[in-house]
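Participant: Here you go, one structure.
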Amino acid sequence: MRIEMLRTFLAVGLCISAGTFLAAAVTAGDTSARARKLHFSSLVVDTHDDTTQRLLDGKFDLGARSSTGSIDVPRMREGNLGAIFFSIWIPSKITGPEAVHRAMLQIDAVREQIRRHPKDLVLATTAAEVREAHKQRKIAALLGVEGGHMINSNLGVLRSYAALGVRYMTLTHSGNDEWADSSTDKAVHHGLTDFGKDVVREMNRLGMMVDISHVSDKTFCDALETSKAPLIASHSSCRAICDARRNMTDEMIRDLAAKGGIVQINYHVGFLSQEFRNAEKAHPEWEQAIAAEIKQRCGDNEGRQLIEGDRITREYVEQGKLPRVEWTKIIEHVDHAVKVAGIDHVGLGSDFDGANMPYGMEDATKLPKITEALLQKGYSEGDARKILGENTLRVMTEVEGVSRKLNAGK
Ligand SMILES: [Zn+2]
């Protein structure tokens with residue numbers, strides 16, 4: 001997400017929704033025995049976390065419990081987060097060799113954390129490796145590159161990322177890259193260019209999941225048509241509930257599912273809540289004020305900017321200026337996506353440490369509440385497990401199968 005989070009500030013009253021009642025029924029840390037049993041016996045997968053940015057300043061250690069942000073080993077353990085995709089991200093405006101260089105440093109930063117914490121973390125590159133990590137009571141750490149600009153229009157760079165363990169690439173971030181249009185930029189390529197289609201085909205061959213979060217609707221259509229493997233939307237929510245370009249329309253969700261893909265619901269308040277969007281539109285000048293405040297507090301440290309952005313948003317909510325968004329909005333989006341796509345095509349992609357989290361979902365320790373809420377909504381235990389992680393693992397397995405076939409020349 002990022003960046004978008006800076007555009008969400010102004011004076012609006014409290015947001016009271018149906019979700020508030022569910023929030024009252026499921027209080028923090030007070031989940032039922034049945035939900036806890038189910039949650040702690042499930043393989044919970046999160047397909048998008050921006051914690052990588054925090055690793056870059058050299059002081060943050062994943063192994064120690066932090067009082068800020070959302071992700072570290074102790075809190076992942078406490079919330080039973082079994083597999084996490086660490087996002088490799090730099091802004092869209094940074095391109096060329098500099099983009100590759102910075103992506104490599106981030107991949108190294110994640111891999112170094114894994115090396116330092118062998119009892120807790122293990123690099124996973126396949127669904128089977130995720131399951132094996134879980135069996136060994138370790139957290140599976142995976143890599144996703146967020147933005148095609150980081151390959152510098154070179155399939156060799158893409159292949160090198162794959163060799164280092166990267167298992168998905170988001171085709172764009174918030175700006176267009178040289179070969180694909182983004183949902184939050186002015187369209188110039190009319191979707192994917194011919195080279196963009198080659199990128200998708202090479203990702204299929206490499207067994208790297210094609211991620212359509214952030215891309216324009218036309219890029220999505222082109223990727224869906226080109227890809228031989230199911231697509232993922234690693235951190236997107238439903239446009240029918242919150243009209244953000246970053247979210248997916250029901251038609252897109254249906255088409256994605258029809259080809260075996262999955263939408264992993266994003267927890268960012270600006271994607272969950274229409275009230276937040278409306279607030280954003282009403283007072284665009286607040287964005288600048290917030291951006292200036294973040295810059296003043298954090299300078300150019302992107303990891304700190306992300307954490308402070310979330311904190312400043314909370315300050316505005318506490319002052320009654322911004323609408324308060326409850327965590328139960330996540331369940332609303334999950335449930336809507338299930339109704340549109342079917343139970344096999346929805347998962348979780350939090351955007352932790354890169355976005356503004358709703359009340360009650362501040363960090364990984366809160367995840368059991370999602371399981372509780374799904375049970376309360378009448379989901380079977382098997383269906384809840386699918387949302388929590390099994391669907392994502394099924395897609396990974398299918399993408400691996402397509403890769404094997406393509407490499408065998410079939
Ligand atoms: Zn994002």
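The values are calculated or read from the model by the stated rules, or taken from the named source; none is laboratory data. All of these numbers come straight from a predicted model, not from anything done at the bench. No Cβ is skipped: glycine too gets one built from the backbone with ideal geometry, and neighbour counts run over all protein chains shown. Keep in mind that these areas ignore ligands, DNA and RNA; they rest on the heavy atoms of the full protein, side chains included. Shrake-Rupley method; radii C 1.70, N 1.55, O 1.52, S 1.80 Å.
Participant: Give the shape of region 210-343 as rounded, prolate or oblate, defined through the alpha-carbon gyration tensor: a ≥ b ≥ c are the square roots of its eigenvalues, a/c under 1.5 means rounded, and otherwise the shape is prolate if a/b is larger than b/c and oblate if not.
Facilitator: Because a/c hits 1.5 or more and a/b exceeds b/c, region 210-343 counts as prolate.
Participant: Here is a follow-up. Given the Cα atoms of region 281-324, and with Rh set as the inverse mean 1/r over their pairs in the Kirkwood sense, what is Rg to Rh to two decimals?
Facilitator: 0.99
Participant: Separate question: Mind listing the long-range amide H neighbours of residue 245? Cut-off is under 5 Å, sequence gap 5 or more, other chains count too, H placed in the peptide plane at 1.01 Å from N.
Facilitator: It is none; the list stays empty.
Participant: Pull out a ≥ b ≥ c, the square roots of the eigenvalues of the alpha-carbon gyration tensor of the chain, then state rounded if a/c is under 1.5, prolate if not and a/b is larger than b/c, and oblate in the remaining case.
Facilitator: rounded
Participant: List the residues whose amide H sits under 5 Å from the amide H of residue 92, counting only those 5 or more places along or on another chain, with H placed 1.01 Å from N in the peptide plane.
Facilitator: The list, which skips near neighbours in sequence, is 174, 175.
Participant: Take the residue pairs 59/93; 197/405; 259/377; 339/410 and return only those whose Cα atoms are more than 24 Å apart.
Facilitator: The pairs that break the limit, which is 24 Å between Cα atoms, are 59/93; 259/377; 339/410.
Participant: Still on this structure, I have one more. Counting only the heavy atoms of the protein chains, how much of residue 235 is accessible to a 1.4 Å probe, in Å² to the nearest 10?
Facilitator: Answer for residue 235: close to 0 Å² accessible.
Participant: Order these peptides, 363-375, 198-210, 332-344, by their mean beta-carbon neighbour count within 10 angstrom, highest first.
Facilitator: Highest-to-lowest ranking by the protection proxy: 363-375, 198-210, 332-344.
Participant: Oh, and also: Applying a 10 Å radius around every beta-carbon, put 271-281, 41-51, 377-387 in order of their mean neighbour count, most first.
Facilitator: Those peptides, ordered most packed to least, come out 41-51, 271-281, 377-387.
Participant: Using a Gaussian network for the chain with springs between C-alpha atoms less than 10 Å apart, which of these wobbles most: 32, 92, 236?
Facilitator: For the chain, modelled as a Gaussian network with Cα springs under 10 Å, the answer is 32.
Participant: Can you give the helix-only mean residue ellipticity at 222 nm for the chain, where every DSSP H stretch with n ≥ 4 adds -39500 (n - 2.57) and the sum goes over all residues, rounded to the nearest 500 deg cm²/dmol?
Facilitator: The per-residue figure over the chain is -13500 deg cm²/dmol.
Participant: While we're looking at this one, here's another question. Hey, can you grab everything whose amide H is under 5 Å from the amide H of residue 210? Only 5+ residues off in sequence or another chain; H modelled, so Pro and N-termini drop out.
Facilitator: Those qualifying (amide H under 5 Å, at least 5 residues apart or on another chain) are 232.
Participant: Still on this model: Can you pull the percent of the chain's accessible area that's carbon plus sulfur, 1.4 Å probe, other chains left in place?
Facilitator: C and S fraction of accessible area: 51 percent.
Participant: By the gyration tensor of its Cα atoms, with a ≥ b ≥ c the square roots of the eigenvalues, what is the shape of region 106-198: rounded for a/c under 1.5, prolate for a/b over b/c, or oblate?
Facilitator: prolate
Participant: Still on this structure: For the chain, give the share of DSSP beta bridges that are antiparallel, in percent and rounded to the nearest 5; count only bridges with both residues there.
Facilitator: Restricted to the chain, the bridges split so that about 10 percent are antiparallel.
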